[in-house]
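Undergrad: Here it is: the structure, laid out below.
The values are calculated or read from the model by the stated rules, or taken from the named source; none is laboratory data. Values in this document were obtained by computation on a predicted structure and should not be read as measured data. With ideal geometry, Cβ positions are generated from the backbone for all residues, glycine too; neighbour counts draw on all protein chains shown.
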Amino acid sequence: MKKLLSTVCVSAMAISAVHADDVALLTFKVGKDKNLKHAAIEFYQNDAPMTADNFKKLARKKFYNGQAVHRVFPDTLLQMGDPLSKRSDRAKTGTGGPGYTLPPEIHRKHTKGAIAAGRLPDKINPGRLSNGSQFFICLTPMPSYDGQYTVFGNVIWGFDDLDQISELPVDTNDNPLQRVEIKSIQIMPREKLPAPPVVGPVSPKPEKAKKKRWYQFF
């Protein structure tokens with residue numbers, strides 16, 4: 001009996017170790033452009049296990065497929081993960097979720113490439129509970145948000161595509177005028193992640209003065 005239990009425990013630990021090194025491949029479609037955009041992310045499984053596992057669970061259920069990137073700020077961040085973004089009516093986009101929240105796991109900093117769970121502001125959410133599905137990707141370091149949001153992952157590659165999406169024209173709610181649809185989020189072992197696409201020479205971008213803004217994430 002002891003030998004059986006020992007075998008079960010070892011097997012469980014092995015499975016956990018494999019899943020801990022899972023990564024995700026995000027695929028986006030911008031408007032009618034047939035050239036899909038991609039980004040790969042890894043997870044901070046030790047620092048934000050509940051948030052990372054929840055993201056993987058939703059991705060495997062295809063929860064994110066067909067949703068839209070609903071807020072962008074040039075070369076700063078992208079926000080997505082709202083099931084209401086599947087609708088053509090944008091009035092309530094940014095307020096949806098899977099119907100539950102997650103406890104905070106606030107440990108990591110908002111470095112370039114950080115992926116963090118969205119949440120309601122402190123005034124109505126003093127416990128800093130995370131939205132069950134919405135998240136944002138930092139395209140530049142955002143130290144002012146350190147200690148406020150659960151950072152559960154990081155971009156491995158794909159910054160060029162993410163930057164291009166962030167620079168799309170937007171409406172008054174910072175929602176891209178062209179629909180940026182999440183075609184899929186695939187969870188896979190790191191060793192099966194495709195190599196990043198080859199990017200040709202890119203002309204340096206002219207320096208732009210960044211406006212100081214307050215970003216509120218649901």
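Undergrad: Scan region 24-75 residue by residue and report those that are among the β-branched types (Val, Ile, Thr) and not in a loop (DSSP other than H, G, I, E, B).
TA: Going through region 24-75, the residues among the β-branched types (Val, Ile, Thr) turn out to be 27, 30, 41, 51, 69, 72.
Of everything in region 24-75, those that are among the β-branched types (Val, Ile, Thr) and not in a loop (DSSP other than H, G, I, E, B) turn out to be THR27, VAL30, ILE41, THR51, VAL72.
Undergrad: Quick one: what pairs do we get from region 140-151, first residue closer than 19 Å to SER166 by Cα and at pLDDT below 95, second surrounded by 18 or more Cβ atoms within 10 Å (Cβ to Cβ) and not β-branched (Val, Ile, Thr), C-beta under 6 Å, 6+ apart or different chains?
TA: none
Undergrad: Check region 107-120 and report whether any residue there is among the basic types (Lys, Arg) and within 25 Å of GLU181 (Cα to Cα). Working first, answer last.
TA: Looking only at region 107-120, we keep the residues that are among the basic types (Lys, Arg), and these are 108-109, 112, 119.
From what is left, the residues that are within 25 Å of GLU181 (Cα to Cα) are 112, 119.
Yes, the conditions are met somewhere in region 107-120.
Undergrad: Another question, then. Kindly indicate whether ALA195 is touching a helix residue (DSSP H, G or I) at 6+ places or on another chain (Cβ under 9 Å) and within 30 Å of GLY31 (Cα to Cα). So that I can check it myself, show each step before the final result.
TA: On the way: touching a helix residue (DSSP H, G or I) at 6+ places or on another chain (Cβ under 9 Å): no; within 30 Å of GLY31 (Cα to Cα): yes.
In short, no.
Undergrad: Taking interchain pairs and intrachain pairs at least six residues apart, which have beta carbon atoms under 7 angstrom, with the first residue in region 106-130 and within 30 Å of ASP160 (Cβ to Cβ) and touching a residue at least 60 places away in the same chain (Cβ under 8 Å) and the second part of a loop (DSSP other than H, G, I, E, B) and of a type in the set (Asp, Glu)?
TA: That search, which allows pairs on different chains as well, returns HIS107/ASP47; ARG108/ASP47.
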